[in-house]
Amino acid sequence: MDTHTQSIKKLYYSIGEVSKVTELKQYVLRYWETEFKQLNPSKNKAGNRTYRQKDIDLIIRIKDLLYNQKFTIEGARKILSGENMPPTETASETGIKTDVDLDLLVKIRRELESILENLK
């Protein structure tokens, strides 16, 4: 019966539980509440934060944007609010030449390596 009760998801989670699950300090979670309006856990009668699964999913998304994808807080805020970057255009639409002159790149790399070696 213990395995059955452990598999049941809770409706609300404390900040300590969320901290353990997301591997983030509690003060980081509280700070993110001030920076991301989407992250707004409710509070119980005692004033303690009560996180739902959707809050935890959002925290994991924010953590990915900040720590893995290296967005700034402002950049992550824009992504989450739906203000994504302008639609990307294909190279043919922008008129940018996509053919890369590999010989030129190899030449530039050798020259940079030579400069670096001279600096050492």
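Looking at the range 76-101, which of its residues are hydrophobic (A, V, I, L, M, F, W, C) and at pLDDT below 75?
If the condition is that a residue be hydrophobic (A, V, I, L, M, F, W, C) and at pLDDT below 75, then 85, 91, 96, 100 are the ones that fit.
Testing residue 30 on (1) open to solvent by 30 Å² or more (accessible area, probe 1.4 Å); (2) at pLDDT below 95, one condition comes back false. Which one is that?
(2)
The values are calculated or read from the model by the stated rules, or taken from the named source; none is laboratory data. Remember, it's a predicted structure, so these values are computed and weren't measured experimentally. These accessible areas exclude ligands, DNA and RNA; they are computed on the full protein's heavy atoms, side chains included. Shrake-Rupley method; radii C 1.70, N 1.55, O 1.52, S 1.80 Å.
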